[in-house]
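Student: Right, I'll just put the structure down here and ask away after.
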Amino acid sequence: GRFIAGIPNRIFFPLGASAESMVSWPRLPLVPRYPGRVLVTGTIADDVAGAAGAAGSGIHAAQLALHDPDRRSIAEATQHGNPPFTVRALPTELTVSEVYARAHTTSTPAGCPDGGHDRASDPAEMLLGLGGDNHDPVYIRLDPGSVLLVTGPPRSGKTTLLDTLAALNPVHFDWHRLGTEPGSGGTGSSGCQKLVERSAANGRILVLLIDDAEGLCAEVQDAALRSHATGAVVVAAVDSRSPGAGSFQLASVARNHGTGLVLAPRRPADGDFFNCRLDADGHLPAGRAVLIDHGSTTWLQLPRVSAGKQPVTLPTSATTAPPTTTALPATTALPLATARVARHRSAK
């Protein structure tokens, strides 16, 4: 401490200095905040004043020489290695093909603690979208029996997310919609167990997709609980503004594990269900979301199919059976469909 205080010559760099860091500075004249523009004090300040033809001593402004890098060497280093640190705003619109291509050309995806771990080939890693300063792929790990709860206001993209997950992850998961498309077979626990075992035999994980989970009737809720108990992954979307958003029984599982996806957050309190405060300002494009994974947050952009942009047909593994996208049995889906028809008729 004494040594620092005894240094007579000092150089101050106003560019990038915060108000808190400048509290301990002496009173300095105002200068334009350009790269290399500094304020000097001490004996070197007298040399600066003499070179500029000024008399007296004190604090003087000076311009430091800037290094002119070899742009060709920087380009070569970027081509053969990781690019320099960049901060770019997230895109306002993405397609499934753009996210899928980015995920399979990025060697170190966002959120990967181990640079040698390829999350794209991990059968339990589910691709969601692009995030981070470098637009890296964002994954969430969903082992058998996991629950991912998706919350958001109406028209925030919850249904679009459920529609694009299968295209983003065509290899490691089998996809089943609950309450939307009638199917066939039994609804007992043995039928759910057969679905899980069939997926496991093909080296994949069964994923149950549920939209409008806050409005499920008791029979459909029981079907979801049975599927989850047998090892299926559940991805459920609920309306954050609905009074019944907390009535979905598996929501507590996601809350206890601290995993969730908040779409179009407008207030810091939108993450309170997952015991997390969000840095949201309320002005976000469609498809913007926050992934909450065990207390940590990651902002990302979800893909969607927009006018004039159609996603390409994505490849599947040649060594495994093709993934399936089916519905659970008709006796499970009919109660939800009947309830929706009744509400529609009453509205008319």
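The values are calculated or read from the model by the stated rules, or taken from the named source; none is laboratory data. These figures come from a predicted structure and were not determined experimentally. All Cβ positions, glycine included, derive from the backbone under ideal geometry; neighbour counts span all protein chains shown. Ligands, DNA and RNA are excluded from the accessible area calculation, which covers all protein heavy atoms including side chains. Shrake-Rupley method; radii C 1.70, N 1.55, O 1.52, S 1.80 Å.
Student: Can you give me the accessible area per residue for region 147-277, using a 1.4 Å probe, in Å²?
Tutor: Computed with neighbouring chains in place, this is 40 Å² per residue.
Student: Across region 221-229, in residue order, what do the Karplus-derived ³J(HN,Hα) couplings come to in whole Hz, using 6.51 cos²θ - 1.76 cosθ + 1.60 with θ = phi - 60° and x for Gly and Pro?
Tutor: 4, 5, 5, 5, 5, 5, 5, 5, 5
Student: Under 1.5 on a/c is rounded, so check that first for region 122-179, then, if it is not, pick prolate when a/b is larger than b/c and oblate when it is not; a ≥ b ≥ c are the square roots of the alpha carbon gyration tensor eigenvalues.
Tutor: Here region 122-179 falls in the oblate category.
Student: In addition: Using the 2.2 N^0.38 Å rule of thumb for compact globular proteins, work out how region 204-284 stacks up: its C-alpha Rg over that value, please.
Tutor: Dividing the Cα radius of gyration by 2.2 N^0.38 Å gives 1.17.
Student: Grab the beta carbon distance between R267 and E93, set R0 = 22 Å, and tell me the FRET efficiency rounded to 0.05.
Tutor: FRET efficiency, R267 to E93: 0.35.
Student: Evaluate the distance, in nm, between pseudo-label points positioned 7 Å from the Cα of N9 and of N275 along their respective Cα→Cβ axes.
Tutor: The modelled label-to-label distance comes out at 5.6 nm.
Student: Which FRET efficiency, nearest 0.05, do L30 and T159 yield, Cβ-Cβ r, R0 35 Å?
Tutor: The calculated FRET efficiency here is 0.05.
Student: Given R₀ = 41 Å, what would the calculated FRET efficiency be for T297 paired with E197, taking r from the Cβ atoms and rounding to 0.05?
Tutor: 0.70
Student: Considering only protein heavy atoms and a 1.4 Å probe, what is the carbon-and-sulfur percentage of the accessible area of region 217-273?
Tutor: Its accessible area is 51 percent carbon and sulfur atoms.
Student: If you rank T92, T230 by how much accessible surface each has, with a 1.4 Å probe, what is the order from largest down?
Tutor: Result, largest first: T92, T230.
Student: Something else now. Which order do the peptides 249-259, 31-41, 285-295 come out in when sorted by mean C-beta neighbours inside 10 angstrom, highest first?
Tutor: 285-295, 249-259, 31-41
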